[in-house]
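Scroll down for the structure; my scribbles are underneath it.
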Amino acid sequence: MEEIDSSYGTERKQGIRLFLRSLKGLGGKKGTAFSVLRPSGKVNVEGQMVDALSEGTFIPAGRAVMVVKAESGYVVVKEV
């Protein structure tokens, strides 16, 4: 019978916690809209590609954005 590696689940949970903590640290940081945000898309903040949601406005790719708040797995941004 094959032995099951139970550490995989633990490592994955720790990785998710680290990812969420790293998003929290992006609050107030500036970045660039990597894709069009209408209102969701991708932004690059400090070299990190992140799923993002605009505050409700259309933001074209390439525009400067600022992280308003970090949610579970994505950030909310506004154009600056």
Show the residues, 5+ positions off or on another chain, whose built amide H is closer than 5 Å to the amide H of Val65. Gly31, Thr32, Ala33, Val80
Give the long-range amide H neighbours of Glu71: residues separated by 5 or more places, or on another chain, with amide H under 5 Å away, using H modelled in the peptide plane at 1.01 Å from N. Val76
Run the numbers for Ser40 and Lys24: contour at 0.36 nm per residue of separation, minus the present Cα-Cα distance, in nm. 3.9 nm
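The numbers here are math on the coordinates, done by the rules we state, and not lab data. What you see is a predicted model, and the numbers here were worked out from it, not measured in a lab.
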